[in-house]
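Right, one structure below, let's go through it.
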Amino acid sequence: MTKCQVCGASLTTRPQGRPQTYCSRACQAKAYRARRRPMLPLPNRKRELAEAVWRIAATHGLESVTMREVAAEAHVSLRVVQYNFPGKHDLLVYALRELHRDNETRSRQRGEQLPDPTDMRAVLALVLNEFLPLDAHRRMSLTVYAAYFARSLTDPEIRTVFLGDDKSLENLVAMLIGKLNPAVDAEREADLLVSGITGLGLDILHRRRTVAEVQSTVDYHLDRLSGITRR
């Protein structure tokens, strides 16, 4: 007696026609989905689900993220989502952590392509540009971070992940400014640049400013810190 290729249930042998392969339409549908989208190792599956959260949050806002919606967006069953994450909150935290890791990796790769890694102005510009929607991924990232912002105000765990290490970004920018121009107050300049670039990135998303306008503003401040006088 043959067995269902999905669940292993016994199948009745047909006297005529094609031999039966599946015990039900449900098993047939599962086999079809498996052929179209093979099961991936667990880390990759969790990454897929995180990316589904990003797409939903970037398009409809974080309040639209549910376990069921993530399953539909990732083209998997709800059971797959529930197997990887005990609840929606765990999924949201993981997706935010993964977005941080993804952006750090991409930033590091762009940094490795700099012609002169000792050029502090270029390095500082690269760090600041990570907060501007200069390509599809950075636009998506900034939109997702904006979606997480309101949640971070009331959710301590989300807030911890959202903010990252205490003022680590400001400290990095201050260190670069100090090397670029030791004569200025690097910490105060860093506070201004970091808060300013975040707001300017959101202005681009809201179409209040163009990318060219924002980059011109960034160049102005980098020239000022470099001691270059504009006329």
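Sorted ascending by nearby beta carbons within 10 Å, beginning with the fewest, ARG68, ARG209 become ARG68, ARG209.
Is segment 35-161 rounded, prolate or oblate when judged by the Cα gyration tensor, a ≥ b ≥ c being the square roots of its eigenvalues, rounded requiring a/c under 1.5 and prolate requiring a/b larger than b/c? The shape class here is prolate. Paramagnetic label reach from GLU157 (point 7 Å along Cα→Cβ; backbone nitrogen cut-off under 15 Å): within segment 86-102, residues 86-98. Cross-link reach is defined here as a Cα-Cα straight distance under 17 Å, omitting same-chain residues fewer than 8 places apart; for LYS46 the aspartates and glutamates meeting it are GLU69, GLU73, ASP90, GLU98, ASP102. Spin-label model, GLN109 to ALA150: label points 7 Å out along the Cα-to-beta-carbon direction sit 3.2 nm apart.
Would you please report the Å³ per residue occupied by the convex hull of the alpha carbon atoms in segment 75-231?
141
Read-outs: derived from the displayed coordinates by stated rules, not from any lab. Everything numeric here is computed off the predicted structure, so don't read it as measured data. Don't worry about glycine lacking a Cβ; one is built from the backbone with ideal geometry, like all the others, and counts go over all protein chains shown.
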